[in-house]
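Before I ask anything, let me first share the structure, which is written out below as structure tokens.
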Amino acid sequence: MELLLDLHPDAYPLEGFRRRQLLDWVYGQGVGTFDAMTNLPTELRAELAATYHLSPYREIETVRSADGSVKYLFTLHDGRQMEAVYMPYLDRKTICVSTMVGCPAKCAFCATGAMGFGRNLTPGEIVGQILAVAGGEGLEPRELRNLVFMGMGEPLLNYTNTMTAARILLHPLALGMSKRRVTLSTVGLPKGIRQLAAEDDLGIKLAISLHAPDDVTRNTIIPTGHRNSVAEIMDAAREYQAATGRRVTFEYAMLRGVNDHPWQAEELAGLLRGLVSHVNLIPMNPWEGSGFESSSEEQIQTFYDALEARGIDVSVRRSRGKDAGAACGQLALKRPGAVAGSA
Ligand code: SAH
């Protein structure tokens, strides 16, 4: 059986208005069975049901946080698990999706990295997270307007599947999201960033997890940083901006005593000169055994002030879902076999 959600809308079975009806049931109404597609002939529904799965998941569990964020834990058909986070705050309903089970990047302060790599998610397993969250929250899928590829995994290392998923998100007959409201976050892989810049039909927002302005510090916290210098990453970021005209966001997890020194703020400001950028300071979300602590509020404020004084556009990310283990870098499964799978 194939997963229907793995298909780009142009590759859907059926033609013309039947295809549009099918796409509307899947992405507009978010129905869970072919039987619910009442304007399709009964035989056609049976035929589709014999060929395609509609749900990529065997089981879905939720953990609700006091601040309103909801963690969705998915068990895939092969028994492996991964998570998405729904953040319904302000006027924006945002979903944070995973692109992998686990992650090979192994950033030292990230709980997902500590799990190791399981496997890539398929396009349908990625976009299915939106349909499942919409269903769980009593929304129509298209009411989820903002999406960040910031869950488990490194999207640029699952490039093809992530690109197909992004095209399904933006397709007017599928989820119809605005490219302005879709952000891909990467550990900073210059080759992948250039490849993304060349996808001219996409133009989604790019966020780079820089976390340090200098190679010595960055290499101690991001193993893949050994192969990509900060200078190479910044070159790729400039090319992304030149190609897409988009402001580039730099994520910076504040790690006490590691990357929060005043000279690092100064160096970071220097790196960003000439680039239309935004710096997002993320207080480190603690997890047991990480060996890292968040910088204090005062240290974060000092770092913020130093950047602002140098004309850098900067904000501090308010942490969501900490009590549900759903904050940035806390997505990690506590069950044996969740990365390896059981089937
Ligand atoms: N692999 C991608 C996307 C996933 S992580 C990337 O590296 O960008 C999303 C963001 O959360 C990244 O900036 C990541 O570095 C950050 N992060 C990871 N662990 C964290 C933690 N414990 N506290 C705060 N931010 C964390």
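Name every residue in the range 280-301 that is β-branched (V, I, T) and either within 11 Å of the ligand (Cβ to nearest atom) or over 12 Å from Y252 (Cβ atoms) (or both), in order of residue number. Break it down stepwise before answering.
Restricting attention to the range 280-301, the residues satisfying the condition of being β-branched (V, I, T) are 282, 300.
Passing the criteria: only I282.
When you go through (1) of a type in the set (V, I, T); (2) under 27 Å from L14 (Cα atoms); (3) open to solvent by less than 10 Å² (accessible area, probe 1.4 Å) one by one for V101, which number turns out not to apply?
(2)
What number of residues in the range 188-213 are acidic (D, E) and in contact with an Asp or Glu (Cβ under 6 Å, 6 or more places away or on another chain)? It would help to see each step written out before you state the result.
Residues of the range 188-213 that are acidic (D, E), as a first pass: 199-201.
Among the residues that remain, those that are also in contact with an Asp or Glu (Cβ under 6 Å, 6 or more places away or on another chain) are: none.
Of the residues in that region, 0 qualify.
On to the next question. Name, by its number, the condition in (1) touching a residue at least 40 places away in the same chain (Cβ under 8 Å); (2) under 24 Å from L7 (Cα atoms); (3) touching a helix residue (DSSP H, G or I) at 6+ places or on another chain (Cβ under 8 Å) that does not hold for S65.
So S65 meets the others, but not (2).
Does P155 qualify as being farther than 16 Å from T94 by Cβ and more than 11 Å from the chain's Cα centre (by Cα)?
Numbers: farther than 16 Å from T94 by Cβ: yes; more than 11 Å from the chain's Cα centre (by Cα): no.
Spelling it out, it is not the case that P155 is farther than 16 Å from T94 by Cβ and more than 11 Å from the chain's Cα centre (by Cα).
Sticking with this structure for a sec: Any residue in the range 242-250 that is open to solvent by less than 10 Å² (accessible area, probe 1.4 Å) and within 30 Å of D200 (Cα to Cα)? Lay out the reasoning, then the answer.
The initial filter retains those residues of the range 242-250 that are open to solvent by less than 10 Å² (accessible area, probe 1.4 Å), namely 248, 250.
Right, trim to within 30 Å of D200 (Cα to Cα) and you get 248, 250.
Yes: the range 242-250 contains one or more residues that are open to solvent by less than 10 Å² (accessible area, probe 1.4 Å) and within 30 Å of D200 (Cα to Cα).
So which pairs qualify, if the first residue must be in the range 99-122 and without any contact (Cβ under 8 Å) to a residue 12 or more places away in the chain, the second must be open to solvent by less than 30 Å² (accessible area, probe 1.4 Å) and within 10 Å of the ligand (Cβ to nearest atom), the Cβ gap must be under 8 Å, and the two must be at least 6 apart or on different chains?
Here the result reads G113/C103; G113/A105; G113/C107, each pair linking the range 99-122 to a residue that is open to solvent by less than 30 Å² (accessible area, probe 1.4 Å) and within 10 Å of the ligand (Cβ to nearest atom).
Does the range 94-153 hold any residues that are part of a strand (DSSP E or B), touching a Lys or Arg at 6+ places or on another chain (Cβ under 8 Å) and near the ligand (Cβ under 9 Å from one of its atoms), and which are they?
Scanning the range 94-153 gives a single hit, M100.
Which of (1) free of Cβ contacts under 8 Å to residues at least 40 places away in the same chain; (2) farther than 25 Å from T94 by Cα is the odd one out, the single condition S178 does not satisfy?
So S178 meets the others, but not (2).
On to the next question. For the range 180-261, give me every one of the strands (runs of 3 or more DSSP E) that falls completely inside it and has 1 or more residues that are in contact with a Cys (Cβ under 8 Å, 6 or more places away or on another chain). Before you say what the answer is, go through the steps one by one.
Values: elements: 182-186, 205-209, 248-254.
Those strands (runs of 3 or more DSSP E) span 205-209, 248-254.
Could you count how many residues in the range 191-210 are open to solvent by 10 Å² or more (accessible area, probe 1.4 Å) and within 16 Å of the ligand (Cβ to nearest atom)?
Applying the first criterion (open to solvent by 10 Å² or more (accessible area, probe 1.4 Å)) to the range 191-210 yields 191, 194-195, 197-201, 203, 205, 209.
The next check asks that each one be within 16 Å of the ligand (Cβ to nearest atom); those that pass are 191, 195, 205, 209.
Number satisfying all stated conditions: 4.
The values are calculated or read from the model by the stated rules, or taken from the named source; none is laboratory data. Treat the numbers as computed from the prediction; the structure is a model and nothing was measured. No Cβ is skipped: glycine too gets one built from the backbone with ideal geometry, and neighbour counts run over all protein chains shown. With ligands, DNA and RNA removed, areas are computed over all heavy atoms of the protein, side chains included. Shrake-Rupley method; radii C 1.70, N 1.55, O 1.52, S 1.80 Å.
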